[in-house]
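Step one of this worksheet: look at the structure below.
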Amino acid sequence: MSAKDSRRVYGTAALLRRVRRDTTLSRRTLVVILVLATVAASGRIAIPVTIQYALDHALLAEVDAQARSRVVTVAVLAGVAAVLVAMVSSAVMNHRLIRTVEHALYELRVLAFARILRLSPADPRADSAGSLVARVTNDVDVVTLYAQSGGITLVQNVTQMTLALAVMLAYSWPPALLVLLIGIGVPIAGHSLQQWVGRRFDAVRVGIGELYAGLLEMLVGIDTIRAYGIEDRMRERAEARVDAVRDAQCRTLWPMGFNVSIGEVASGLITTAVLLVGTAAGVGATGFSLDLSAGDVVAFLFLVTFFVRPMQFAVSSLADARNAEAGLRRVVEILDLDEGVGAGARTALPAGPAAVELRGVGYRYTPDRPALHEVDVRIAAGEHVAIVGETGSGKSTFAKLVTRQLLPRSGTVLLWGIDIAEIADSALTRRVAIVPQDAFLFDRTVGENIALGREGAGPDDVSAVLAELGLTDWVRGLPDGLDTGVGQRGESLSAGERQLVALARTAMVDPDLLVLDEATSGVDAGTDVRVQRALARLTRGRTTIVIAHRMHTAESADRVLLFHEGGVVEDGSHAELLALGGRYARLHAVWRRDSVTAAPVPTEVIRAGVFPAGFAG
Ligand SMILES: Nc1ncnc2c1ncn2[C@@H]1O[C@H](COP(=O)(O)OP(=O)(O)OP(=O)(O)O)[C@@H](O)[C@H]1O
């Protein structure tokens, strides 16, 4: 069983209970729908009863013409009234049912979206983005479609069958019992078939999720696909996923076919059994008399039809129900995923830059290999620390732990001396910011992207922040200034410009702990100077942790932490670590050689540096 399969598995009843728990779907609404369905079914069932009444008390009875016509008139009027009542209550029930289901699905969709936004990046059960999208779009739609067609008729059919059976029992219990036995036997006999259908539809829904995931990945990576000329290979992969969905859908055909025939066989069985028992009783072969009038027989046969038809329909639409159930299950499963990392309730935090402490912190993404182990580090308030180390040494994991994107599997992370798990989300996001290497920009204007950093921020706040970071001239130079659109994911801006927007957005947050993953992408010298200046101003007065990819960043930090194989192996100032002559000194020598032989860093950039030399908080 894979990690993703380890989610809670919901049976139909548990699934419906879960939906009721998470939505405002009330028991009262369900009762009202059931009452309306019963009234509608009663209206339909009343027809055979009126026919029986007319037959027994007028058409086949020895009464005078006046009495006959009175009885027929009453029967016809009652029949018309019953049809009208059935029509109106059926319409109201349909409306209620669709509205209720739509509302519940809307609520589920909203909840699922909210949960996706708060998903823990470390939850191994979380799907890829595309598959999650499929869950809140396609899977919800399948349920909606079913509710609007099969769901309504299922409610109507089941109520009609129940009522028809009750009236049949009132007419004559032996054949009614037979109908009941066969009626109960059908779902029991078809149980494994239903499970078979359910499994096949689960596979279809998973396949559709994977198809979405592949499509989304291709759209996001379209530039890379074109750049490497791998369109054909990607198309083949996409086709393979489309084929997989088609095959999964084809595999539902056999069980669905059997499903339909089960309904047909059952209805044939019921009709034949009733006729046989009726005839046998009529000729005295059963040893008992059914004692039925001609009207009763006609009414009974009508009622059998009223039982058999909906049963046939209900059984054949069970396949659609299984598909909808599979979709609903995939939506509900999202709600079971870890809701981000545990947010506490503490909102009051000490003022000023954060002191950071890790006590015996360990983290592993997979059970077999720790990404970090037994890390003990104290970073003083206002200190500027550079994190260096080879790729895969645990730098990003460390950054995620101090910003609570991950919670430690062992040990404790403390900010301002408080366990990070106790701090409320709102407080943490106001005081702690992380700037990734290539920050994500939304398809809005430069000004709007920056303003996102602070709730309620307007153009004046944005301008003030830009002035603070020395970026006013840069924004003025953009085609439409602050109103310049950045395009999808910020594609209309250069990598350096995207960094500037991200830095300004972070400055809006005005955090007391700043964690930066230094950009490695090539930025032209002019923009780089701007970036470094903005960084120098942004980091001033804040505890800053930088994952350093540049030599001068480590050189100018107060302190350097060298990571190796998930642990801090060297800790000290740049000078101290150089003097130590260990890993850092060797890494630094390689950096130095590469920066001389490959791309010399402009002196103005070195002077600007993230941590200007000599600056200590
Ligand atoms: N989401 C993940 N799932 C599984 N393993 C992961 C995940 N993220 C990181 N790892 C593993 O954890 C270890 C530490 O990764 P981490 O990203 O912290 O290293 P890093 O020093 O930041 O590397 P880089 O400089 O390349 O970003 C690596 O072995 C990495 O393969």
Total charge dipole magnitude, the chain, about the Cα centre, Cβ charges on Lys, Arg, Asp, Glu only, Debye to nearest 20: 980 debye
Dimensionless Rg/Rh of segment 35-99 - Kirkwood Rh, Rg from C-alpha atoms: 1.18
When the charge dipole of the chain is computed with +1 on Lys and Arg Cβ and -1 on Asp and Glu Cβ about the Cα centre, the Cα farthest towards its positive end, among G382, Q194, W416, belongs to Q194
Give, in whole angstrom and from largest to smallest, the semi-axes √(5λ) of the equivalent ellipsoid of segment 7-162, with λ running over the eigenvalues of the Cα gyration tensor. 50, 12, 11
Relative contact order [Cα under 8 Å, 6+ residues apart], the chain, whole percent: 14 percent
Cα-based helix-to-principal-axis angle, 231-250 vs the chain, degrees rounded to 10: 30 degrees
Report P(r) for segment 355-421: all Cα-Cα distances, bin width 5 Å, range 0 to the bin holding the largest distance, values in whole percent. 4, 17, 29, 27, 15, 5, 1, 0
Once Lys and Arg get +1 and Asp and Glu get -1 on their Cβ, which of L216, T159, W254 lies farthest toward the positive end of the dipole of the chain? T159
Rg/Rh ratio calculated on Cα atoms of segment 148-199 (Kirkwood radius): 1.09
Percent of Cα-Cα distances greater than 39 Å, calculated over segment 9-335: 31 percent
With +1 on the Cβ of every Lys and Arg and -1 on the Cβ of every Asp and Glu, the dipole magnitude of segment 9-335 about its Cα centre, in debye rounded to the nearest 20, is 820 debye
Using a Förster distance of 60 Å, the FRET efficiency for T366-T305 (Cβ separation, nearest 0.05): 0.50
Please work out the C-alpha center-to-center distance from segment 145-167 to segment 350-368 and express it in whole Å. 57 Å
For segment 345-475, what is the convex hull (Cα atoms) projected area averaged across all directions, in square nanometres? 10.2 nm²
Can you give me the distance in nm between label points at A13 and R246, each placed 7 Å from the Cα along the Cα-to-Cβ direction? 4.2 nm
Could you grab the Rg to Rh ratio for segment 429-475? Cα atoms only, Kirkwood for Rh. 0.95
Just name one of A504, I270, S69: the one whose Cα is farthest towards the positive end of the charge dipole of the chain (beta-carbon charges, Lys/Arg +1, Asp/Glu -1). S69
Expected 222 nm ellipticity per residue - DSSP helices of 4 or more, -39500 (n - 2.57), all of the chain, to 500: -20000 deg cm²/dmol
Residues of segment 89-106 with the amide nitrogen closer than 16 Å to a label point 7 Å from the Cα of S26, along Cα-to-Cβ, please. 96-97, 99-101, 103-104
What is the extension gain from D443 to A294, computed as 0.36 nm multiplied by their sequence separation minus the C-alpha to C-alpha distance, in nm to one decimal? 46.0 nm
Using alpha carbon centroids, what distance separates segment 381-447 and segment 88-106, in Å? 47 Å
Fraction of antiparallel bridges per DSSP, the chain only, in percent to nearest 5: 50 percent
Per 5 angstrom bin, beginning at 0 and ending with the bin that holds the maximum distance, the Cα pairs of segment 140-232 fall in percents of 3, 10, 10, 13, 13, 10, 9, 8, 6, 5, 4, 3, 3, 2, 1, 0
Cα convex hull of segment 285-431 - mean projected area over all directions, nm²: 19.6 nm²
Which Rg and Dmax, in Å, describe the Cα atoms of the chain? 35.7, 124
Counting other Cβ atoms within 10 Å, keep those with at most 14, restrict to DSSP loop, and tell me which chymotrypsin sites (Phe, Trp or Tyr not before Pro) in segment 190-250 are left. Y228
At a Förster radius of 30 Å, what calculated FRET efficiency corresponds to the Cβ-Cβ distance of E491 and A424, to the nearest 0.05? 0.25
So how compact is segment 356-608: Cα radius of gyration and Dmax in angstrom? 18.5, 53
Which value, in debye to the nearest 20, describes the size of the charge dipole of segment 383-479 about its Cα centre when Lys and Arg Cβ atoms bear +1, Asp and Glu Cβ atoms bear -1, and nothing else is charged? 280 debye
Ignoring solvent entirely, what values of log10 I(q)/I(0) come out of the Debye formula for segment 125-166 at 0.18, 0.23, 0.24 Å⁻¹ when each Cα is a single scatterer? -0.61, -0.74, -0.77
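Read-outs: derived from the displayed coordinates by stated rules, not from any lab. Treat the numbers as computed from the prediction; the structure is a model and nothing was measured. Glycine gets a Cβ as well: all are built from the backbone with ideal geometry, and neighbour counts include every protein chain shown.
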